[in-house]
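Heads up: the structure comes next, in structure tokens.
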Amino acid sequence: MFFTVRLQPRDSPVTLAATGLKLKRRNKHHYIQQPCPAHCGERCSIYHQRPERCRIFECRQLTRVAAGEITEVTAMEMITDIQQRVRQLESLLDQGGTSDPKRPLAKRYEKIMGELLVDSAHHETSSLRMELTEKMQALDRILDGHFRLPTEDAPADSSAEPVEPPNFLAVYGTLMQGQPGQRLAGIKDQLTYVGPCKLTGSLYDLGEYPGLVPGPGEVMG
């Protein structure tokens with residue numbers, strides 16, 4: 001459900017790291033990388049030492065069951081559906097290449113999509129990328145609609161800093177996630193990956209780089 005979990009003011013990075021959690025520091029804040037190594041089967045192996053965010057978070061399925069809006073059976077059906085969708089995605093990722101199962105699903109998806117882009121001229125590869133994109137987007141929509149908390153309902157974070165509205169940039173070819181173009185252009189550290197998109201237009205072979213011009217058709221970005 002998440003790429004990272006941000007530590008709260010009362011959390012001790014040193015103590016949590018000692019439990020085996022993998023921490024990453026970004027923009028002066030510590031984050032727990034996912035999937036969480038403390039999640040063993042259906043239980044948390046560090047439950048009494050768990051981070052503050054884990055103590056206060058409740059997914060929407062749980063809150064709806066507690067409020068009597070849905071039954072446990074309905075919630076479990078939704079969870080089972082999500083698990084099946086994840087397995088389907090993992091199967092498609094395995095078809096596309098090799099990725100680390102310990103990494104977040106979205107990060108594995110980014111890696112494989114970037115590798116498939118290199119071989120996008122083949123019909124089978126293009127079809128696989130399209131199917132992966134559709135299934136990943138569908139999974140995100142369901143997670144947003146039934147599990148993740150809407151932004152306005154999320155627990156208040158007293159340590160959060162004001163954030164400017166983001167500027168979105170659509171790119172294609174070697175500037176896509178997993179390709180070398182961002183690093184070569186010196187912009188990799190200035191971008192945050194959001195997700196795949198489709199650009200309207202046509203690609204032309206210009207030799208070393210493809211050129212996108214207005215026109216019929218769709219180009220993956």
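Remarks
- Filter result for the condition that a residue is under 23 Å from the mean Cα position of the chain (by Cα) and of a type outside the set (A, V, I, L, M), over Glu52, Glu69: Glu52
- Annotation note: Cβ proximity below 6 Å between a residue of the stretch 70-98 that is farther than 25 Å from Leu132 by Cβ and a residue that is surrounded by 13 or more Cβ atoms within 10 Å (Cβ to Cβ) and among the hydrophobic types (A, V, I, L, M, F, W, C) (sequence gap 6+ or interchain) occurs for Glu72/Val65; Ala75/Val65.
- Extreme residue, modelled with the highest pLDDT, among residues of the stretch 121-153 that are open to solvent by 50 Å² or more (accessible area, probe 1.4 Å) and not in a helix (DSSP H, G or I): Leu149
- Residue list for the stretch 209-221, filter: open to solvent by 60 Å² or more (accessible area, probe 1.4 Å) and part of a loop (DSSP other than H, G, I, E, B): Tyr209
- For Tyr204, the requirement of being in contact with a Pro (Cβ under 8 Å, 6 or more places away or on another chain), within 29 Å of Lys135 (Cβ to Cβ) and of a type in the set (Phe, Trp, Tyr) is not met.
- Scan the stretch 196-208 for residues that are at pLDDT below 80 and either part of a helix (DSSP H, G or I) or open to solvent by less than 100 Å² (accessible area, probe 1.4 Å) (or both) and the total you get is 1.
- Residues (under 22 Å from the mean Cα position of the chain (by Cα), closer than 30 Å to Met78 by Cα and assigned to a loop (DSSP other than H, G, I, E, B)) located in the stretch 9-49: Leu21, Lys22, Gln34, Pro35, Cys36, Pro37, Ala38, Gly41, Glu42
- Residue tally, condition surrounded by 13 or more Cβ atoms within 10 Å (Cβ to Cβ) and under 27 Å from Lys135 (Cα atoms), over the stretch 174-187: 8
- Members of the stretch 14-52 found to be in contact with a strand residue (DSSP E or B) (Cβ under 7 Å, 6 or more places away or on another chain) and over 23 Å from Arg108 (Cβ atoms), listed by number: Leu16, Ala17, His29, His30, Arg50, Pro51
The values are calculated or read from the model by the stated rules, or taken from the named source; none is laboratory data. A quick note: this is a predicted structure, and the numbers were derived from the prediction, not measured. Please note: Cβ atoms are built from the backbone with ideal geometry, for glycine as well, and neighbour counts cover all protein chains shown. Only protein heavy atoms, including side chains, enter the accessible area calculation; ligands, DNA and RNA are left aside. Shrake-Rupley method; radii C 1.70, N 1.55, O 1.52, S 1.80 Å.
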